[in-house]
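This report concerns only the one structure given below.
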Amino acid sequence: MTYAISTTSLPDPVDEAEFYRGILSKRFLAWVVDVALITFFTILAGIFTLTLAFFLWPIVFVAIGFVYRTATLSNRSATWGMRLMGIEFRGHDGFRFDTRDAVLHVAGYYASMVFILPMLASVVAMFATGRRQSLTDLVLGTAAINRPADL
């Protein structure tokens with residue numbers, strides 16, 4: 001598959017719709033898997049710190065989540081949940097995420113999850129945009145696509 005010529009190097013949602021087919025449900029399922037893994041890692045941190053992490057649960061959960069998401073996104077442009085679902089992120093240039101892209105995307109994700117209005121706007125944007133982009137994706141010019149090898 002080749003990408004259509006446009007202002008971005010992301011696949012065109014009309015001409016190359018297979019890149020975005022089922023993305024919303026896959027993103028949701030990947031998110032559930034990732035939250036379960038982050039919860040598991042946070043429980044392990046509680047055990048290894050002799051329950052100290054349990055008393056600081058919100059801080060430890062967010063910190064572990066930030067490190068997990070950044071490390072996995074900068075490695076292969078997909079978290080473990082996303083890999084399981086066969087999707088990955090691409091930058092506006094059409095390439096996989098590097099560390100800078102991963103940090104910015106995770107920071108944007110957490111910023112949009114802090115308040116209810118940006119969180120709802122992000123969900124609405126995913127339903128309304130052709131590339132199924134969240135608020136963070138729209139700001140950064142990124143998109144989640146079906147992994148090209150899986151097409």
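The values are calculated or read from the model by the stated rules, or taken from the named source; none is laboratory data. Computed from a predicted model, the values in this text were never measured in an experiment. Quick reminder, even Gly has a Cβ in these numbers, built from the backbone with ideal geometry, and neighbours come from all protein chains shown.
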Mind telling me which of the residues Phe127, Phe115 ends up being at pLDDT below 95 and either among the aromatic types (Phe, Trp, Tyr) or in contact with a Lys or Arg (Cβ under 7 Å, 6 or more places away or on another chain) (or both)?
-> Phe115
Just to be sure, is Gly81 crowded, with 18+ Cβ neighbours inside 10 Å, farther than 15 Å from Asp137 by Cβ and not hydroxyl-bearing (Ser, Thr, Tyr)?
-> yes
Return the only residue of Gly91, Gly81, Gly86 being farther than 22 Å from Ala36 by Cβ and of a type in the set (Gly, Ala, Ser).
-> Gly91
Residues that are without any contact (Cβ under 8 Å) to a residue 24 or more places away in the chain: find the helices (runs of 4 or more DSSP H) completely inside segment 25-113 holding 2 or more of those.
-> 52-55, 57-76
Within segment 122-151, the residues that are among the small types (Gly, Ala, Ser), assigned to a helix (DSSP H, G or I) and under 16 Å from the mean Cα position of the chain (by Cα) are Ser122, Ala125
Just one of Val67, Val60 is crowded, with 18+ Cβ neighbours inside 10 Å and either modelled with pLDDT of 95 or more or not small (Gly, Ala, Ser) (or both); which is it?
-> Val60
